[in-house]
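Bear in mind these aren't lab numbers, they're just calculated from the coordinates by the rules spelled out. These figures come from a predicted structure and were not determined experimentally. Here the Cβ is made from the backbone with ideal geometry for all residues, glycine too, and neighbour counts use every protein chain on show.
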Amino acid sequence: MRQGILWREWRHQDEADRITQLRMLRLVSLADRHLLVQCVAITPENSSTRIFVDAALTGPLVQITGSGTTVAMAVADHVTTPTESFTPSIELIQGRQALDLKAGETYRLDRVVALYTSRDTVDPRETARTHADRAVEDLATVIDKHRDAWLARWRACDLRIEGDAAAQRALRFAIYHLLSAANPQDDHVSIGARGLSGSAYKGHVFWDTDIFMLPFFILTYPEAARALLMYRYHTLAAARAKAARLGYRGAFYAWESADSGEDVTPVFVVAPDGQVTRLLTGEQEQHISADVAFGVWNYWRATGDDRFLLDAGADILIETARFWTSRAERENDDRYHIRGVIGPDEYHESVDDNAYTNGMAQWNLEIAAEIANLLSERFPEPWRMISRRLGIEPGEPRLWLDVAHDLYTGLDERTGLFEQFHGYFDLEDIDLAAFVPRTAPMDVLLGRERIQQSQIIKQADVVMLIHLLWDRIPPDVRKANFDYYEPRCGHGSSLSPAIHALVAARLGDTARAQRYFRQAAEIDLADTMGNAAGGIHAGTLGGLWQAVVFGFAGLNFCENRPEHHANLPSSWRSLSMRFQWRGQWHELTLPEGGARVSANEA
Amino acid sequence: MSEPVILVPLDGTKQALAALPVAKVLADIERAALYILHVGERQLPAEELRNHLRAGAPVLDGLSIDVRIGAPAAEIAQVASAINPLAIVMCKHSGTERGKMLGRTATKVLHDAPCPVVLVPPERGAIPWHLHHVLVPHDGTPTTSAALGPAAELAERGRAELLVVHVTGVGAAPTEPGSFTTPRYVDQPQHEWPAWAGEFVKRLASICQLGHVQVRVFLAHGETAAEIQRLSEKQSTDLIVLAWRGRWEAPRAATLKNIVRDARCPIMVVRA
């Protein structure tokens, strides 16, 4: 992981007792994102022999995607023997090639694949061919640059934990995969739910990116964070179209987003028992719009990137706020309500006034008004252009604040509890402890109808709201809600344990936080999903990083400056990391005797 | 004996004849001959034997019948050892053992058989049987995988669909090394289930040849035998294939016993 290289090495003994040593390298270049490299070194130890290399390419070298993008690959091979170095015949690409090997001598086969698309160049096929041919001639440099790029990334992004090797490994695994998936050079792409490590979820982009992964990039790799947010900006038109189609103003982002930003959420799901069910997430998981806005604001607050705010971020904040003003309806109680939604807890569909959705919508409306005010004061001329571009009426920010003020939140001032949605407290309260241990999610065990009539929730919902809006929620309310909802959470989503670890740590319950942290870490490393081949869980990995940084380390940006309130597990001797805040690198070190935050040059 | 055979023990009761339609279809699929075995108390002339077996001429036409004298289970085991059949197909129990999960002879045959044993419920009677759906319960352990190879081969040769049901629920995950994991989390079911089922089938394919057989994976939850039975009924299963470690005493083989007791379709038992 340190060098971003997969090494495989083994000795093979055949039936004739011939022993052959094989060493293989595989990488996808971080320094040159068009290149993929594969090398095999073969050494027959005790017998000269003839081998056949079967390395034919499978699949076409040129493909056209559904959106019309041409994707072209070119292959270049090279063979190095003790006496010569040559380009093998075309047979190595198209089929098997024989090689005569002498005992004790090492033979190396190198392969470079270059990949270009019609988004990169007018002739991706020719560009790929030229690039592959050139790269294979100087492979050592290609590999060196890749390794250097990874070492530089690690210097910026590594997080060191002493005293808990398993936690350290889990964190580096998370950082490695997050870094692998991000591309600051292309702001028309984002990170799918499984990153680039598997084909499950078809590369679709969810709130996982904005809420779970983005904080890592914002604080350690802001260029990558900016590119991810620009993807949301480039897909704003599709979000506007979706809102308009459903009769709303502003931007309603796709629950499942691909290259154009159109909602690609399937309409039906086939359950494992063969039952076909209509899927409502695309229509009802409307919190996605506030989630995107939250990412924008989070990035701007941490980087101070006003250029981004003026060129793209303000559009997103304002259009999402507009969505909420048209979505929320004022009712007889003089409060605004948002009915018929799904919150992060997807076990309960078509609910009214989901606390997370309403809480985030309220935040979205307020922050849009705040940003409008700030831009009009600090950047009057650009603000006039934004106002003209978006057709902002003079009284519109006031309307956003009015809706936010009167939006129903579900908070019971007497108990300090948010009701997760209207009627939630009347549902059957099922003791989850009776289902321990279990090997399946609760909705599978109880069935769809029973789970909908129960208080069992799929993942952090009110708890997620506490995490995101920590500084807006009083301490006693945070604790009361965590204490109420945590025992009712079935953790049917892989996103859930990490957030519970984070909030438990911030509340000072380090032992509970550590249990959830381990649970989150095991999702990929212990394959508790039974579907590792589909790829890693990028959102979980982002959540794992947040659990350490915002939970155990207690990093917070109250009053627009970094501070921390550490809750380290007792076995962790120290934690150290670097992060960027307003263009400056900060070193956070939490030794046993106390804590230190120091600023360094960017 | 070089020609593949399927051994069909008949005890002379009407119930035992339920094995014949199943055995005939299996023999057609496997291109095997039927080997009818009757163990009685004395040798009978051919015509008397047919009457004794309660089988009309069309059913046993062209088939030779091996008649032996002695203890039925021991004789069946001896013949099976000699002819090495592809399978033994027999009724679960005789008429006099009605209400029993498994008859005394069938139980002993199950223990001693050198090959898979197909147990046919006597209630089926002599109605024709076909093989369209083969159900294999799989708890994720390598032990249950033992049933998969024979089931897949049979399904492919019989052009039947292979249904694999993974029963999960409350309780610890299997601890047997190499066990498959069930999905502890389902983030987005529209992506999760196809991905998990696809990977499950790929993992199965790595431990047995699935060939071109059509495979469908089902995830069920609850009491294992009841769920297998429920799915079997719902999917109109023609044959359930189960792996068995060879231990019958309580509390062993609880799932197998329950399925043998309740299933309305034949059950093939494969030793793990």
**Q.** Tensor-based shape of segment A:414-561 (alpha-carbon gyration tensor, a/c under 1.5 rounded, otherwise prolate or oblate)
**A.** oblate
Q. For chain B, the longest stretch holding no trypsin sites (Lys or Arg not before Pro) located in a DSSP loop with at most 13 other Cβ atoms within 10 Å is which?
A. B:160-244
(Q) In segment A:211-237, whose amide N lies under 18 Å from the spot 7 Å out along Cα-to-Cβ of A:S67? List them in ranges. (A) A:226-237
Q) How large is the dipole of segment A:89-192 about the Cα centre if only Lys and Arg carry +1 and Asp and Glu carry -1, each at its Cβ, rounded to the nearest 20 debye? A) 260 debye
Q) Taking +1 at the Cβ of each Lys and Arg and -1 at the Cβ of each Asp and Glu, which of A:Y424, A:I386, A:A434 sits farthest along the dipole of segment A:360-462 towards its positive end, judged by Cα position relative to the Cα centre? A) A:I386
Q.
Rounding to the nearest 10 and keeping the result within 0 to 90°, find how far the Cα-based axis of helix A:236-245 lies from the longest principal axis of chain A.
A. 50 degrees
Q. Taking a point 7 angstrom from the Cα of A:E45 along the C-beta vector, which residues in segment A:1-32 have backbone N less than 20 Å away?
A. A:7-25
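Mind checking A:194-205 for the average number of partner chain beta-carbons within 10 Å of each residue's beta-carbon?
Numbers: counts 3, 0, 0, 0, 2, 2, 9, 6, 2, 0, 3, 0.
Per-residue shielding by partner chains comes out at 2.
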Q: Take the eigenvalues of the Cα gyration tensor for segment A:463-536, scale each by 5, and report the square roots as semi-axes in whole Å, largest first.
A: 26, 12, 10
Q: Round to the nearest 0.05 the FRET efficiency obtained for B:Q214 and B:S81 when R0 = 51 Å and r is the Cβ-Cβ distance.
A: 0.90
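Can I get the semi-axes of chain A's equivalent ellipsoid? Compute them from the C-alpha gyration tensor as square roots of 5 times the eigenvalues, in angstrom, largest first.
Numbers: eigenvalues 419, 157, 126 Å².
Whole-Å semi-axes of the equivalent ellipsoid: 46, 28, 25.
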Q) Helix A:475-485 versus the longest principal axis of chain A: what angle, 0 to 90°, nearest 10, using Cα atoms? A) 70 degrees
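Under 1.5 on a/c is rounded, so check that first for segment B:133-271, then, if it is not, pick prolate when a/b is larger than b/c and oblate when it is not; a ≥ b ≥ c are the square roots of the alpha carbon gyration tensor eigenvalues. If you can, show how the numbers build up before the last one.
Values: a/c = 1.39, a/b = 1.11, b/c = 1.25.
Because its axes are fairly even, with a/c under 1.5, segment B:133-271 counts as rounded.
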Q: For the protein assembly as shown, build the charge dipole from Cβ charges (+1 Lys, Arg; -1 Asp, Glu) around the Cα centre, then report which of B:G70, A:Q514, A:S571 sits farthest towards its positive end.
A: B:G70
Q. Where both partners of a DSSP beta bridge lie in the protein assembly as shown, what percent of those bridges are antiparallel, to the nearest 5?
A. 65 percent
Q) Among B:V165, B:A263, B:F218, which residue has its Cα positioned farthest towards the positive end of the charge dipole of segment B:133-271, with +1 placed on the Cβ of Lys and Arg, -1 on the Cβ of Asp and Glu, and the dipole taken about the Cα centre? A) B:A263
Q. Taking K and R as +1 and D and E as -1, what net charge do the other residues with C-beta under 12 Å from the C-beta of A:Y248 add up to?
A. +3
Q: Could you bin all the Cα-Cα distances of chain B into 5 Å bins starting at 0 and give me the percent of pairs in each, rounded to whole numbers?
A: 1, 6, 13, 17, 18, 16, 11, 8, 5, 3, 2, 1, 0, 0
Q. How would you order A:49-57, B:235-243, A:394-402 from highest to lowest mean count of nearby Cβ atoms within 10 Å?
A. B:235-243, A:394-402, A:49-57
Q: Please give the calculated 222 nm ellipticity per residue for chain A, where each DSSP H segment of at least 4 residues contributes -39500 (n - 2.57) and the sum is spread over every residue; nearest 500 deg cm²/dmol?
A: -11500 deg cm²/dmol
Q | Percent antiparallel among DSSP beta bridges (both partners in chain B, rounded to 5) | A | 10 percent
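Below 8 Å between Cα atoms, with a sequence gap of 6+, how large is the relative contact order for chain A in percent? Please list the in-between numbers first.
Numbers: 1163 pairs, mean separation 69.5, N = 602.
Normalised by residue count, the contact order of chain A is 12 percent.
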Q. What are the residues whose amide H is under 5 Å from the amide H of A:H586, where those residues sit 5 or more places off or on another chain and H is modelled from the backbone?
A. A:F579, A:Q580, A:W581, A:N600
Q) How far apart, in nm, are the 7 Å Cα→Cβ label points at A:T87 and B:E176? A) 5.5 nm
Q) Check B:A33: other-chain or 5+ apart residues with amide H under 5 Å from its amide H, H built from backbone geometry? A) B:V5, B:I6
Q | Directionally averaged projected area (convex hull, Cα atoms, segment B:5-122), nm² | A | 6.5 nm²
Q: Would you mind checking the tilt of helix A:222-234 against the longest principal axis of the Cα atoms of chain A, expressed as 0 to 90 degrees and rounded to 10?
A: 70 degrees
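Tell me, what is the FRET efficiency for A:D333 and A:A56 to the nearest 0.05, using R0 = 60 angstrom and their Cβ-Cβ distance as r?
Values: r = 70 Å, r/R0 = 1.16.
Rounded to the nearest 0.05, the efficiency is 0.30.
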Q: Grab the protein assembly as shown and count how many Lys pairs have their alpha-carbon atoms under 15 Å apart, sequence gap of 8 or more, or different chains.
A: 7
Q: List, in order, the whole-Hz ³J(HN,Hα) value for each residue of segment A:450-461 obtained from phi through the Karplus relation with A = 6.51, B = -1.76, C = 1.60 and θ = phi - 60°; use x for Gly and Pro.
A: 5, 5, 5, 8, 10, 8, 5, 10, 7, 7, 3, 10
Q: Quantify how strongly other chains surround peptide A:440-446 by giving the mean number of their Cβ atoms within 10 Å of each of its Cβ atoms.
A: 6
(Q) What three numbers, in Å, describe the spread of the alpha carbons of segment A:1-63 along their principal axes, ordered from the longest? (A) 42, 32, 15
(Q) Counting only other chains, and only Cβ atoms inside 10 Å, what mean value do you get across the residues of B:195-205? (A) 4
Q) Please report, for the Cα atoms of segment A:192-317, the Rg to one decimal and the Dmax as a whole number; what are they, in angstrom? A) 15.3, 52
Q: Report, by chain and number, residues whose modeled amide H sits under 5 Å from the one on B:C91, excluding near sequence neighbours (fewer than 5 apart, same chain).
A: B:A19, B:V120
